[in-house]
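> I'd like to ask some things about the structure below.
No lab work stands behind these numbers, since they all come straight from the coordinates. These figures come from a predicted structure and were not determined experimentally. A quick note on method: Cβ atoms are made from the backbone with ideal geometry, for glycine too, and the neighbour counts reach across all protein chains shown.
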């Protein structure tokens, strides 16, 4: 097991290096001058150049990158150019709460919808339940999240007026309010992922239901719930752990759009703002943190997978 | 590659192809029969036919746009802002606004019709680019053991960025244009496609007929192109359909965020972005572009699912 863990951790390091280098290079190549953005349109070329010198923007690419890596190693992502008096880390931390809550709730929504729907579909295979669930699932996969969001806003906020139109209330105002504000966004973000999970759960369940050990379980006279949940589902869920890790990337990306639809002041909206204002360090910081979180979550998923499935440990060790 | 396109195109137009099959009855029996069974199965596969029909409809709309529109999709008519659906134009403008007008008085119907072009061009462009790049990377990584690890490491790293965020970052570097949308979404979708191709290659390269080809002294490029590539085609076609769907959604998402297609080219995502700001005043502006977008993606997903069912022998046996 320890060899397996070491192998997985070592494999994640080059990924992180490539990720960080890509982020740096991409933003380095962005046209537009942050010094000009900071000083505004009236600045003289001399003053712009002075500030560029001070920010180190006149140095060659590799010098800027090494300096960036050096700071990164100390946890310093630099100062934000557009959010006043904030470091990038502070600016992101201030906006993290809604995004973390939104993605977690969306993941919850997708699991609560997807897994039971998939099981139901697999058990009723070929019958109308199956057809209905799979039809809803493919509709869910095809539905653009922002359009779903607009429809939900229209129905629940504009017509019925039971939920807030848009915006966000922090947890400090009480979790109930926060959930009222996040319920539509979480459904918007989680539905497509739930539909995907339903399709995957179904095919995993169909596979495990055909396994010998399930036949054995039936043969020894276990009742239906014991066989379906205790034997088939338990094994079907193992690959789903990986899917949940991958879901995180999709949900983080989707959160950018969902936050825009519902005017939620989260990291996603901060990213859009930062792009609009050419706030290089902030864009870099956000993209980097999201990518690194994704790598770490998938590392964790791999390790959990190794614990759940001993075959994997041995074959790769 | 040409083979792949013609094949996927002929599948997209399967309902039309039926006459084609009848016409090939004069060909050598074996070939005609094989074709017939595929199209027969295709036509019996309900979701494949529905998907192909929806996609075919969108293609027709995109091609006939100049005939179908009844207003200039880009011209603002301030006197007829927020006209309701089926409302008549205020003079001096003429004609009926089938789906109403938006905040600038632009005809929603004409914009939706015109928007089909961008969606399909981006979808087609991205899937072609992804198929080319992904196939090359996948074949190389799967066949040459030494290149496998470095290539896949890079692909993994690219997949570490959520697609939307990587696309956003690329768009912010390159600026809004249709070409850049295609570029950004191609970069986002290539790694997954390459992974699929690689995994198929890995399973094929150990088979005996490849070993036999090696033993006969067949060169690596020839083994790859003649013996491995044709066997990868089924999963590639299926995957390409899903890439197409993802690209249509991706373009709409970027345009919704205001960094995709430039404002002068109507696109469904951009229309929804505009509609969002006037949801209470003019809810009709979001109906048509959203429906068109969802139908297109649904059609592609149904088609992809259908082709996968038809091409996967394991599923076929189970009926």
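> Expressed as a whole number of Å, what is the distance separating the alpha-carbon centroids of the stretch B:43-78 and the stretch B:116-149?
Going from one Cα centre to the other spans 27 Å.
> Which residue, A:245, A:174, A:118, has the most motion in a Gaussian network model of chain A that connects Cα atoms within less than 10 Å?
A:174
> Name the most mobile residue of A:96, A:43, A:12, meaning the one with the largest mean-square fluctuation, in a Gaussian network model of chain A with Cα contacts below 10 Å.
Comparing A:96, A:43, A:12 in the GNM, the peak value goes to A:43.
> Determine the distance separating the Cα centre of the stretch B:168-229 from the Cα centre of the stretch A:45-117; give it in Å without decimals.
Using only Cα atoms, the two centres lie 33 Å from each other.
> Calculate the FRET efficiency for residue B:60 and residue B:225 from the Cβ-Cβ distance with a Förster distance of 25 Å, rounded to the nearest 0.05.
Numbers: r = 35 Å, r/R0 = 1.41.
E between residue B:60 and residue B:225, to the nearest 0.05, is 0.10.
> OK, next. When only alpha-carbon atoms count, how far does chain A stretch along each of its three principal axes, as whole angstroms with the largest first?
85, 58, 33
> How would you rank A:206, B:249, going from fewest to most other Cβ atoms within 10 Å of each one's own Cβ?
Values: A:206 17, B:249 28.
With the fewest neighbours first, A:206, B:249 line up as A:206, B:249.
> In addition: With N set to the residue count of the stretch A:136-230, report its C-alpha Rg divided by 2.2 N^0.38 Å to two decimal places. Don't jump to the answer; show the numbers that get you there.
Working: Rg = 20.1 Å, N = 95, 2.2 N^0.38 = 12.4 Å.
Against the empirical 2.2 N^0.38 Å value, I get 1.62 for the stretch A:136-230.
> Hey, another quick one. Taking each pair of different alpha-carbon atoms in the stretch A:109-148 once, compute 1/r for the pair, average those values, and report the inverse of that mean as the Kirkwood hydrodynamic radius in Å to one decimal.
Evaluated over the stretch A:109-148, this radius sits at 10.6 Å.
> Another question, then. If I take the Cα coordinates of the stretch A:16-56 and project them onto the principal axes, what are the three extents in Å, biggest first?
Here the spans come out as 39, 17, 12 Å, largest first.
> In nm, to one decimal, how far is the residue A:65 label point from the residue A:212 one, both placed 7 Å along Cα→Cβ?
Taking the simple label geometry, residue A:65 and residue A:212 are separated by 5.3 nm.
> If you don't mind, there's one more thing I want to ask. If you take each beta carbon of peptide A:133-146 and count the beta carbons of other chains within 10 angstrom, what is the mean? List each step's numbers first, then the result.
Details: counts 0, 2, 2, 0, 1, 8, 4, 0, 7, 13, 6, 14, 3, 13.
Taking the mean over all residues of the peptide, I get 5.
> Computed over the Cα atoms of the stretch A:167-317, what is the ratio Rg over Rh, Rh following Kirkwood? Each step should come with its number before you reach the end.
Details: Rg = 20.5 Å, Rh = 18.5 Å.
Reported Rg/Rh (Cα atoms, Kirkwood Rh): 1.11.
> Turning to a different aspect of this structure: Can you give me the relative contact order of the stretch A:9-116 as a percent, contacts being Cα pairs under 8 Å and 6 or more apart? Mind showing how you got there, number by number?
Values: 35 pairs, mean separation 14.0, N = 108.
Relative CO of the stretch A:9-116 lands at 13 percent.
> Could you list log10 I(q)/I(0) for the stretch B:175-219 at q = 0.33 Å⁻¹, which the Debye formula gives when each Cα is one point scatterer?
Debye curve over Cα of the stretch B:175-219, log10 I(q)/I(0) at q = 0.33 Å⁻¹: -1.02.
> Quick check on chain A: helices-only [θ] at 222 nm, where DSSP H runs of length 4 and up contribute -39,500 (n - 2.57) each and the sum goes over total residues. Nearest 500, please.
Values: 13 runs with 234 residues, N = 317.
That calculation yields -25000 deg cm²/dmol at 222 nm.
> Moving to a separate point now. Between residue B:43 and residue B:86, take the C-beta separation as r, use R0 = 30 Å, and let me know the FRET efficiency to the nearest 0.05. Mind dumping the intermediate values first?
Working: r = 37 Å, r/R0 = 1.23.
Plugging the Cβ-Cβ distance into 1/(1 + (r/R0)^6) gives 0.20.
> Relative to the compact globular guide of 2.2 N^0.38 Å, what is the alpha carbon radius of gyration of the protein assembly as shown, as a ratio?
Working: Rg = 26.2 Å, N = 636, 2.2 N^0.38 = 25.6 Å.
Relative to the rule-of-thumb radius for its length, the protein assembly as shown sits at 1.02.
> Let me ask something else. Compute the convex hull volume of the Cα atoms of the stretch A:9-95, divide it by the residue count, and report the result per residue in Å³ as a whole number. Please list the in-between numbers first.
Details: hull volume 10.7 nm³, N = 87.
Dividing the Cα hull volume of the stretch A:9-95 by its residue count gives 123 Å³.
> Quick one: Debye curve from the alpha-carbon atoms of the stretch A:64-147 only, equal weights, vacuum; give me log10 I(q)/I(0) at q = 0.18 Å⁻¹ to two decimals.
Debye intensities relative to I(0), on a log10 scale: -0.86.
> Moving to a separate point now. Calculate the tail of P(r) for the stretch A:244-317: the fraction of all Cα-Cα distances greater than 14 Å, expressed in %.
So the pairs more than 14 Å apart make up 67 percent of the total in the stretch A:244-317.
> Using C-alpha positions alone, give me the convex hull volume of the stretch A:35-188 per residue in cubic angstrom. Present the calculation step by step, with values, prior to reporting the outcome.
Values: hull volume 34.3 nm³, N = 154.
That works out to 222 Å³ per residue.
> Take the Cα atoms of the stretch B:192-308, build their convex hull, and give its volume per residue in Å³.
Details: hull volume 13.8 nm³, N = 117.
Each residue corresponds to 118 Å³ of Cα convex hull volume.
> Other chains near B:301-310: what is the mean number of their Cβ atoms within 10 Å of each residue's Cβ? Before the final figure, lay out each step's value.
Details: counts 5, 3, 0, 1, 4, 0, 0, 0, 0, 0.
Mean number of neighbouring Cβ atoms from other chains: 1.
> Would you mind calculating the relative contact order of chain A from Cα pairs under 8 angstrom and at least 6 residues apart, reporting the percent as a whole number? Spell out each step's value before the answer.
Details: 356 pairs, mean separation 87.6, N = 317.
Dividing the mean separation by the residue count of chain A yields 28 percent.
> With label points built 7 Å along Cα→Cβ from the Cα atoms of residue B:75 and residue A:6, find their separation and express it in nm.
It works out to 7.4 nm between the two label points.
> While we're on this one: With springs only between Cα atoms under 10 Å apart, run a GNM on chain A and tell me which of A:265, A:116, A:98 wobbles the most.
Ranking A:265, A:116, A:98 by mean-square fluctuation puts A:116 first.
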